[in-house]
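Okay, so here's the structure we're looking at.
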Amino acid sequence: MSNQANTDAATLPPLANRPLNIGSSMNDDASRLDALAKVTGAAKYGRDVHPANALYIAFVRCPFGAATLESCDVDAARAVPGVVEADVSKRQGNYHGATVGHVAADSPLSLRRGMAALACRWKRKGDVVTTIEQGIEAEPELPVDAKAMIEQAGDRTLDATYSTEVQTHSSLETHGACVDHKGDSAVVYVSTQGTSSARDGLDEALGLPASKFEVVCEYVGGGFGSKLNGAGKEGMLAARIAAKHKRSAYLFVNRAEEHLDTGNRPSSRTRVRVAFEADGTIKGGHIQTWGGVGPNRGGGGVNVPSGRYRLGQITTAHADISLNGGMPRAFRAPGHPQGAFAEELMLDEVAARCGLDPLALRLRLIKADAIREMAELGARLIGWDKRLVNGAQAGPIRRGMGMGVTSWGRFPSSVDAEVVVNRDGSVEARTGTQDIGTGQRTVVGIVTADAMGVPLEAVTVRIGRSTLPPGPGSGGSVTTVNSAPAFMEAGKAAATQVLELVAGRTGAPVNELTIAGGEVRRNGAKVMAWKDACALIPDTIIGKGRNTQKTVAADKTTGTSGGAQFVDLDVDVETGVVKVHRIVAVQACGRVVSRKLAESQVIGGVIQGLSYALFEHRLLDRQTGAMVNPNLEWYKIAGPKDMPLIEPVLWSKDKEAAGPRPLGEPPTIPTAGAIACAIYNAIGVPVRSLPITPDKVLAAMAGKGGAK
Amino acid sequence: MQSLGVSAAAASVAANAEATAKSGRAGGSDGDAPSVMGPNPIDLTLTVNGVKHAMKVEPCTTLLEALRLHAGLTGTKEICDRGSCGGCSVLIDGVLAVSCLMLAIDCAGASITTVEGLAKADGTLHPLQEAFIRHDALQCGYCTPGFLVAGAWLMASTPKPTLPQIQQAMAGNICRCGTYTNIFNAVLEATGQRPLIDGTIA
C-alpha cells in the first residue's frame, strides 16, 4: 500500500507505453467487482427485468414544440386486443416529448398497436423558440464600471460571443422502472442514481407502506446526472398502474423519448467584454451569459468566470431563455464545460492579441499552485515546445495544440456504512448507494478491505437496495469522497471487534494486534488464522460507520480536485474535419482508491468532453420545434474511430490529500475548451461555437465568422 | 473476412437476409408460392448458444425481442433500436449482425451466438472477456455485450488486428461512459499484442 508521488515532472521519462500511475493507489491491480457479471451478460439491469404477466406502458407525447391535441381516439386504443388502459388527460404540449397521457397493454406489441390506434391529431400553435438568439430581446448594456474600464483600455479589449448547443445525456439504458407486483408487497427495479431516495413517493403510488416494497438498482446503464430524480415520472406511473391493476408493470422509454424528455445539458451563450494590458493581464470587464432551457426557466447557469484564473474585476449577469424543448437536468459538472469553453478560448484570444504563448499566460493567471504544476507537467508530456504560433502553417493539414484547466469542489453527503463479519470469515460491506459505472461497488470493497486488513476477495459488497442503510446519490462527485471515510470507520470498528475476541482468548493486548495476510498478528508474528479468529464470533459482528454532512465538512484530508488537459490535433482545412491525436489529462483526486477505476473516470470524462466539443447537437426544427435527430444515428456521439490516444495522469503529489477527493466530474470540464483552443492554434481563427463541426471550421476560415 | 463497421454490420444483415431468402426460410423463392405467416403468433425454434429455444411469436417480432422476451437472454441490449449503436450485436452463423434489424423468423435454423455464449459451457471465459475485465474496458457495462460480440467476431477472422482494424470493426458500436481506449487495449492484449498504454501489472 503505497502513496508515492510519482508525478514529479523533473524525473519523468516519456509517457507513451509506460504505467505512469502504478504505485499511486490503495489498490492498483483490482478489477471491478461486477466486471464478470457485465462481460458475461449476467448483469440484470432494471430494463432487463420482465416479470411474467407484466403490463407494458408508454407515454403519449406532444410531437411539436407547441401544439394542441385536436383529437385522439382513446376508445379505438382501448379496443385493441391486449390494451388494458388508455388515458389522455392533457390537450396542450409546449415541447416535443411533453407527456399528455399513456397506454398500458399486456405485451410490447399490443402496446405499439394501442399507441397507433390513438391516431392523435395535433395542431401546431404559432411560433416556437428554438434558439437562445431568438429569445434575446436586446443585447444588454455594459454596467457603468465595466464600460469605463473598457473605454479606457482602447484597443486592448476583447468582445466575443461564445455559444454551445444542447447535449443530451443519452444514457444507454433509458429511464424507466419495472414494478414486480406481489400482491401485498412489491419490488421496484429502477434505473436511478439515487437508490435510497427513489423510495420517496413510491409508497403513495404503490398504495403500500415503505416497509412493504424494496427499490432495487444493482446495475445502471449510465446516468450522468439525469437519473437523480428518484423513481422519476416513469417509475411513478408504472407504480400507479401496477397498484391499480394489481399486476407487474414495465415502463422504460424508448431512444427518442430519452433524447426528448429525460433532461439535457442546456445550450449557452456567453458574451465576454474584457480589458487587458499589453502583457496579457486581464483588468476585468463584464460577462453576460444566457442558458437555453425548457419551457420553465431554471437550470441554465453557465459557470464563467470559473474562479480558476485571475481575471481582474469581472461583473456578471445571467438570464435563462425558455425554449420549446425538453427541460435541462444536472449533467456531469452542470454549467462547467460550457463555461470553460468560453473562458479557455477567451484566454487564447487574449494571448494571441498580446503575442503571448497561451500556456505562459495561463501559468501567470492560474490561482492554485497545484493546478499550475499540473499544467507544467501536462505541457511537458504533450510536447508543448513543438507548438507553433497561431495560424503559422500552410498546407491542407494543420496541427494545433490547446489546453484547459479544471477544478471541482467537495460536497458533503450523508452515508451510513455497515461492515458485517461472519463466523466463516467472510465480510459484507453494505450501504444503499449504487454503481452507475463509476465503480462505486468496487470502491466500497477496496476501502473496507484496506481498513480491515483483509484481502478484497474476502469482501462482498451489497449496494443498490433501498433496504440497506442509506447511501449517497450519485451526483456531485460525492460517492467516493463521502463513503470512503464511513467504510474506513465501519471496517476498523468491525476489525476491532474481532481483535477484541482474539485478545480475550489469547490474553494479548488488543492494541498490539493487527490483521494482515489472512491472519491476526502481534508484532508481525502470527497469533491466529483469520478464519479461526472469526470462529470466535458468537453470532455476527457489525461495524458501523457514519458520515454526516458535518463530519465531511470538517475533514481536512479532502477538498478540491484540480486538473489540466492538453490536446494535440490536426485540422484538414479543405474539409474542415478535425482529428484529435492525443489528449493528456493530468487530474488530482486526492488519495486514489483504485487506479484502474480512477483512470477510467478520467478517460471517460475526456471522451464525453471530446464528443461535446466536436459532435453533439440537439437539433430543433425552426418551424415546428420538433427535434429532428432524436436517435443515435443523427445525434452523433463520439465513436471508436474518433478516439485519440488518451493518457490519464493521476496527480498524487498533494501531500495533504490523505483522503479521496472528487473525481467523476472534473475531467469532463476542460476538454472542449482545450480542443477549441487547439483548433484556433491550427487554423488561426477562433471557432466560437460548439460543436465545432466541419462547416463551422470552413466558415471561420473563409472569414464568415463561424464564430458568431 | 474484411473488417466491417456500422454499414458493414447492416450489410451483413442484408447478406444474411438474402441467404435466408435463397434457402427459402423467409418464404417465397424458386417459383414456389410464398408461404403466408401471421398475423397470429407462429411456432418458432431458435438455436442460441447451442440451445434450442421454442417460442410462439408474431412474425413481426425482431430477433432482439425474441432473445430478450422469449428466450430470456437479456445480455443482448436494446439501446438505439435502429442499427446505430451495436448494443444488440449477435453472431448469426458466425457473422456479425444487429439483432434489432432482423426478424426472428429469418433466423430459424441458424446458429445464433449472444454474449452469454462467448464463454465456454464450463464457464471458461473468452480471452476477450478476460481482457475486458483486466483492462477495465467497461463502466456502466450496458454497451459491453455488443463490443464483446463485435470484438470476438473480429478475432475469429483477424488473429492480429491493428488498431485501425479494431476501430473499424467496432465502428458500429457506441459507448457513452467513454471506455474506448480500454476496449482497444483489451483487444490488443487478447490478440497477444502490446496495449497502447500499458497500465496492467504483470
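Summed over region B:36-50, the residues that are of a type in the set (A, V, I, L, M) and exposed (fewer than 13 other Cβ atoms within 10 Å of the Cβ) give a count of 1.
Can you confirm whether region B:30-44 contains a residue that is more than 10 Å from every other protein chain (Cβ to nearest Cβ), modelled with pLDDT of 95 or more and within 21 Å of the chain's Cα centre (by Cα)? For region B:30-44, residues more than 10 Å from every other protein chain (Cβ to nearest Cβ), modelled with pLDDT of 95 or more and within 21 Å of the chain's Cα centre (by Cα): present. Of all residues in region A:311-330, one or more are touching a residue at least 60 places away in the same chain (Cβ under 8 Å), at negative phi and touching a His at 6+ places or on another chain (Cβ under 6 Å).
Just to be sure, is residue A:82 within 14 Å of chain B (Cβ to nearest Cβ) and either at pLDDT 95 or above or closer than 23 Å to residue B:182 by Cβ (or both)? Taking the combined requirement at face value, the residue satisfies it.
Note on region A:249-296: residues that are under 18 Å from residue A:60 (Cβ atoms), assigned to a strand (DSSP E or B) and not hydrophobic (A, V, I, L, M, F, W, C) total 1. Selection of region A:111-136 for residues being under 33 Å from the mean Cα position of the chain (by Cα) and assigned to a loop (DSSP other than H, G, I, E, B) yields A:128, A:129, A:130, A:131, A:136.
Per the listing A:647, A:616, the residue uniquely at the interface with chain B (Cβ under 9 Å from one of its Cβ atoms) and either crowded, with 24+ Cβ neighbours inside 10 Å or under 21 Å from residue B:170 (Cβ atoms) (or both) is A:647.
Selection of region B:128-164 for residues being over 17 Å from the mean Cα position of the chain (by Cα), more than 11 Å from every other protein chain (Cβ to nearest Cβ) and surrounded by fewer than 20 Cβ atoms within 10 Å (Cβ to Cβ) yields B:159, B:160, B:162.
Can you find even one residue in region A:68-75 that is more than 14 Å from chain B (Cβ to nearest Cβ), of a type in the set (Asp, Glu), farther than 10 Å from residue A:120 by Cβ and part of a strand (DSSP E or B)? No; the residues of region A:68-75 include none that is more than 14 Å from chain B (Cβ to nearest Cβ), of a type in the set (Asp, Glu), farther than 10 Å from residue A:120 by Cβ and part of a strand (DSSP E or B). With a requirement of 1 or more residues that are closer than 24 Å to residue A:592 by Cβ and in contact with a His (Cβ under 9 Å, 6 or more places away or on another chain), the strands (runs of 3 or more DSSP E) lying completely within region A:344-453 that satisfy it span A:397-408. Scanning region B:46-62 for residues that are out of contact with any Asp or Glu (no Cβ under 7 Å at 6 or more places or on another chain), outside any loop (DSSP other than H, G, I, E, B), charged (D, E, K, R) and within 14 Å of chain A (Cβ to nearest Cβ) yields no hits at all. Beta carbons closer than 8 Å, at least 6 apart along the sequence or on distinct chains, pair a first residue in region A:158-170 that is more than 17 Å from residue A:271 (Cβ to Cβ) with a second that is of a type in the set (D, E, K, R) and in a strand (DSSP E or B) for A:166/A:265; A:167/A:265; A:168/A:265; A:169/A:265.
When restricted to residues that are modelled with pLDDT of 95 or more, more than 10 Å from chain B (Cβ to nearest Cβ) and not in a loop (DSSP other than H, G, I, E, B), region A:18-55 contains 2.
The set of residues from region A:263-322 being hydrophobic (A, V, I, L, M, F, W, C) and farther than 25 Å from residue A:145 by Cα comprises A:293, A:321. Applying the selection to region A:224-247, what residues are within 14 Å of chain B (Cβ to nearest Cβ) and polar (S, T, N, Q)? A:226 - this is the single residue of region A:224-247 that is within 14 Å of chain B (Cβ to nearest Cβ) and polar (S, T, N, Q). Against the test of being in contact with a Cys (Cβ under 6 Å, 6 or more places away or on another chain) and either within 14 Å of another protein chain (Cβ to nearest Cβ) or touching a residue at least 24 places away in the same chain (Cβ under 8 Å) (or both), the options A:98, A:105 yield a single qualifying residue, A:98. Evaluate the following for residue A:603: is it under 24 Å from residue A:22 (Cβ atoms), touching a residue at least 24 places away in the same chain (Cβ under 8 Å), within 11 Å of another protein chain (Cβ to nearest Cβ) and in contact with a Phe, Trp or Tyr (Cβ under 7 Å, 6 or more places away or on another chain)? No. Being of a type in the set (A, V, I, L, M, F, W, C), more than 15 Å from residue A:533 (Cβ to Cβ), touching a Pro at 6+ places or on another chain (Cβ under 9 Å) and buried (at least 23 other Cβ atoms within 10 Å of the Cβ) is a property that residue A:484 has.
Within region A:629-652, residues that are closer than 15 Å to residue A:256 by Cα sit with their Cβ atoms under 9 Å from residues that are in a strand (DSSP E or B) and modelled with pLDDT of 95 or more, at 6+ positions apart or across chains, in these pairs: A:630/A:168; A:635/A:168; A:635/A:627.
The values are calculated or read from the model by the stated rules, or taken from the named source; none is laboratory data. Keep in mind it's a predicted model, so treat the numbers as computed, not measured. Here Cβ is always computed from backbone atoms with ideal geometry, including for glycine, and neighbour counts include all displayed protein chains.
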